[in-house]
Amino acid sequence: MPSRADFSVKSLSDVQVCAFHAGALRRKCLTDPSLVALGFELLLQERSDAYELASVLGQRPAEGRIAFLILSLMRRANAGRLDQSRRYSLPLRQQHIADTVGLTTVHVSRILAQFRDRGMLTISEGSIIVHDLPALEDAGALT
């Protein structure tokens, strides 16, 4: 079992981190099976999310990729609930979006301008307001 993670993480917003000693966590899981079930459930959800993202990146045009990314980030930050015309934090720059969905920043800028011109959303000063949630969801749908 590796003693160090084989990946790195960079946060774009404030986070709270809690570290556990692997041996202590293993002992706790042996005494509380619900922790094992929770861990397994979280792993399955992460795998499902990763497969969905891979499908989006491989099958969707630029508009769909960006819409999917925005919606998934908003859902994760808000426990799955989205309200139209509510301001949400979006600490991503266009470069972050471009890197995530495999596009250039110029292309991302054009797509975001199209979304704005069609009345779907407004992005400014690290936040986003979705004005037409159904249209954004249609753009980001896999089907």
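The values are calculated or read from the model by the stated rules, or taken from the named source; none is laboratory data. Since this is a predicted model, take the numbers as computed values, not measurements. Cβ coordinates were reconstructed from backbone atoms using ideal geometry, including for glycine residues, and neighbour counts include every protein chain displayed. We work out accessible area using only protein heavy atoms, side chains counted, and drop any ligands, DNA or RNA first. Shrake-Rupley method; radii C 1.70, N 1.55, O 1.52, S 1.80 Å.
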So, by mean Cβ neighbours within 10 angstrom, what's the order for 37-43, 95-101, 15-21 with the highest one leading? 95-101, 37-43, 15-21
A correct Stokes-Einstein calculation for the range 3-121, using the alpha-carbon Kirkwood radius, 25 °C and 0.890 mPa s, returns a whole-number D in µm² s⁻¹ of 143
Among ALA141, SER109, LEU92, pick out the residue whose Cα is farthest towards the positive end of the charge dipole of the range 45-143, where Lys and Arg carry +1 and Asp and Glu carry -1 on C-beta, about the Cα centre. LEU92
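Let's test the formula: R0 of 30 Å, r as the Cβ-Cβ distance of ILE129 and THR31. What FRET efficiency results, to the nearest 0.05? Working shown, then result.
Values: r = 47 Å, r/R0 = 1.56.
With R0 = 30 Å, the Cβ-Cβ based efficiency is 0.05.
Test of understanding: what is the full-extension gain from ALA19 to GLN95, defined as 0.36 nm times their sequence separation minus their Cα-Cα distance? Don't skip to the answer; put the middle values down first.
Working: separation 76, 0.36 × 76 = 27.36 nm, distance 3.04 nm.
Once the chain is fully extended between ALA19 and GLN95, it gains 24.3 nm.
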If you consider only alpha-carbon coordinates, what radius of gyration and Dmax does the range 75-137 have, in Å? 11.7, 31
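Please compute the per residue accessible area over the chain with all protein chains in place, 1.4 Å probe, rounded to a whole number of Å². Mind showing how you got there, number by number?
On the way: 10250 Å² over 143 residues.
Value for the chain: 72 Å² per residue.
Among 53-62, 114-123, how do they line up from the highest to the lowest mean number of other beta-carbon atoms within 10 Å?
Numbers: 53-62: 13.6, 114-123: 15.8.
Ranking, from highest mean packing down: 114-123, 53-62.
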Return the single residue from SER72, SER127, SER13 with maximal mean-square fluctuation; model: Gaussian network over the chain, springs between Cα atoms under 10 Å. SER13
